[in-house]
Amino acid sequence: MELLTRKKKDSGSQLIAIDRKNKQGSEQFRAIRSNLNFFSVNKNLKTLAVSSPSSGDGKTMTASNLAIVFRQEGKEVLLVDTDLRKPSIHQTFDVPNNYGLSHHLLGEMKVEDIITTSYLTSVDIITSGLIPPNPSEMLSSPQMTEFIETVKEMYDIVIFDTPPILVVTDATIVANKCDGALLVVRHKKNELSQVERARDQLKNADAHLIGAVFNGPKVPKEAYYY
Ligand SMILES: Nc1ncnc2c1ncn2[C@@H]1O[C@H](COP(=O)(O)OP(=O)(O)OP(=O)(O)O)[C@@H](O)[C@H]1O
Ligand SMILES: [Mg+2]
């Protein structure tokens, strides 16, 4: 489990990992990266779903910064917005969302044609595309499974941003198709019972929960270093 902190000043930008003024924030994401790399030594971790119990816990912020620190390490990284209800990766990275995952799943566009590279971070991104009326059906389709297999071949690591676990089934559907799932827990917001329910739903969906990111509290310097 890792602790994340953000300074109030940074609230305008979610991209902590490229914020030179927030060294502690970047360092914390690099620590999470190291833990995931350790984990990957024994079990090949190429696809990772990032989720949380409820809305606003920090899923998008965590998925985005993890993608950046993996890219900074020299990996080929793809970040996919599978929040087809309230997508926000395009806003976080300031890229257009004229086309994206939904267009590919509908058979309208090839994978290569829906990838955008973020000029800020050089992370490859697939935005949500048009918001469909049936996100759960689209995410549980054979086309989605095939899509994941395709991008897995193209990249070293693929990170999926998802909707909240306790609100809709989409996150568990995506997590079930990934090598691992990471649960973001927001300090002073998520109740223990919510976290346990989210964990159980991932388990019931046969998803592989590999860890949790504790998002929020300020960490004293001493505690952080030791
Ligand atoms: N540790 C933190 N300190 C301060 N602000 C934070 C922290 N983590 C996230 N935020 C802010 O909280 C808001 C919600 O974060 P984010 O969009 O990442 O959550 P989410 O879980 O993806 O939400 P949703 O379920 O709506 O997609 C954002 O404005 C983000 O900048
Ligand atoms: Mg989000």
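Worth pointing out:
- By the rule of a C-alpha distance below 12 Å, with chain neighbours fewer than 8 residues away ignored, the aspartates and glutamates paired with Lys177 are Glu146, Glu149, Asp206.
- Once the GluC sites (Glu not before Pro) in DSSP loops with at most 16 neighbouring Cβ atoms within 10 Å are cut out of the chain, the longest remaining piece is 109-190.
- Computing FRET efficiency as 1/(1 + (r/R0)^6) for Leu106 and Asn42, where r is the C-beta to C-beta distance and R0 is 45 Å, gives about 0.75.
- 3J(HN,Hα) from dihedral phi, the range 35-51, Karplus parametrisation 6.51/-1.76/1.60, rounded to Hz, x for glycine, proline: 4, 5, 5, 4, 4, 6, 4, 7, 10, 5, 9, 10, 10, 10, 9, 10, 9
- Here's how it looks for Val123: its modeled amide H is under 5 Å from those of Ser118, which are all 5 or more places away or on a different chain.
- GNM top mover of Asn97, Asn134, Asn190 - the chain, alpha-carbon springs below 10 Å: Asn134
- Dmax and Rg, reported as Rg then Dmax, of the chain (C-alpha, Å): 16.3, 53
- Comparing Val167, Val41, Val158 in a Gaussian network model of the chain (Cα springs below 10 Å), the most mobile by mean-square fluctuation is Val41.
- Computed per residue of the chain from DSSP H runs no shorter than four, each worth -39500 (n - 2.57), the mean residue ellipticity at 222 nm is -11000 deg cm²/dmol.
- Shape of the range 86-126, Cα gyration tensor, a/c cut at 1.5: oblate
- Residue-normalised accessible area of the range 118-226, expressed per residue, 1.4 Å probe, Å²: 50 Å²
- Amide hydrogen proximity for Arg186: with H placed 1.01 Å from N in the peptide plane, the residues at 5 or more positions away or on another chain lying under 5 Å are Asn215.
- Nearest-ten-degree value, helix 59-72 long axis tilted from longest Cα axis of the chain: 90 degrees
- Each residue of the range 136-148 is assigned a 3J(HN,Hα), and the resulting list reads 4, 4, 5, 6, 8, 6, x, 4, 5, 4, 5, 4, 4 Hz, derived from the Karplus form 6.51 cos²θ - 1.76 cosθ + 1.60 (θ = phi - 60°), x at Gly and Pro.
- Chymotrypsin sites (Phe, Trp or Tyr not before Pro) restricted to the range 87-137 and DSSP loop, no more than 14 other C-beta within 10 Å: Tyr119
- Only protein heavy atoms count here; on that basis, with a 1.4 Å probe, Val77 has an accessible area of about 0 Å².
- The longest stretch of the chain left intact once loop-based trypsin sites (Lys or Arg not before Pro) with at most 13 other Cβ atoms within 10 Å are removed from consideration, loops following DSSP, is 111-187.
- Counting every pair of alpha carbons in the range 27-103, the share spaced more than 14 Å apart comes to 66 percent.
- Built amide H within the under 5 Å cut-off of Tyr155, gap 5+: none
- When each of Lys23/Lys188; Lys21/Lys152; Lys21/Lys75 is checked by Cα-Cα distance, pairs over 27 Å: Lys21/Lys152
The values are calculated or read from the model by the stated rules, or taken from the named source; none is laboratory data. Quick caveat, the model's predicted, so the values are computed rather than measured. Backbone-built Cβ (ideal geometry, glycine too); neighbour counts: all protein chains shown. What goes into the accessible areas is simple: the full protein's heavy atoms, side chains included, and nothing from ligands, DNA or RNA. Shrake-Rupley method; radii C 1.70, N 1.55, O 1.52, S 1.80 Å.
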